[in-house]
1. Given labels modelled 7 Å from the Cα in the Cβ direction, how far is it in nm from Gln45 to Leu59?
2. Sort 44-50, 68-74 for me by packing, meaning the mean count of neighbouring Cβ atoms within 10 Å per residue, highest on top.
3. Which residues does the label zone of Glu75 cover in the stretch 1-20, counting backbone N under 19 Å from a point 7 Å along Cα→Cβ?
4. Only helical DSSP H runs with n ≥ 4 go in: add -39500 (n - 2.57) per run for the chain, normalise by residue count and round the 222 nm mean residue ellipticity to 500 deg cm²/dmol.
5. The chain: D in µm²/s via Stokes-Einstein (Kirkwood Rh, Cα pairs, 20 °C, 1.002 mPa s)?
6. Val88 versus Met19, label points 7 Å from Cα toward the beta carbon: distance in nm?
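Coordinate-derived values only; no laboratory data. Everything quoted here is computed from the prediction, not taken from an experiment. Here the Cβ is made from the backbone with ideal geometry for all residues, glycine too, and neighbour counts use every protein chain on show.
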Amino acid sequence: MSAEFIISLAEQAIYTVLMVAGPLLILALSVGLLVSIFQATTQIQEQTLAFIPKIVAVLLGLVFFGPWMLTRIVEFATNILMNLNQFVG
């Protein structure tokens, strides 16, 4: 196994992680920003108000993006397992 092969495999893994986690992180970031703007304009400083909408948004995002995320992870794992003979030796 060469260094280029390992770097390529790590690059694919990081890309897959970013593609899978990206939509939920962007969703949580945007909901958090909206809640922060709402709290700043209304001067409501309740701590739980920041967490509940983000949790609900991420759960809805999991329902919506879940099948796509699972497909991406399974494709990556299948690719790793199908080419396992290249990793050993």
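1. Calculated label separation equals 2.9 nm.
2. Ranking, from highest mean packing down: 68-74, 44-50.
3. Counting only backbone N, you get 8-20.
4. Theoretical 222 nm ellipticity from helices: -31500 deg cm²/dmol.
5. Details: Rh = 15.7 Å.
In µm²/s, the coefficient is 137.
6. Label-label distance for Val88 and Met19, simple model: 2.7 nm.
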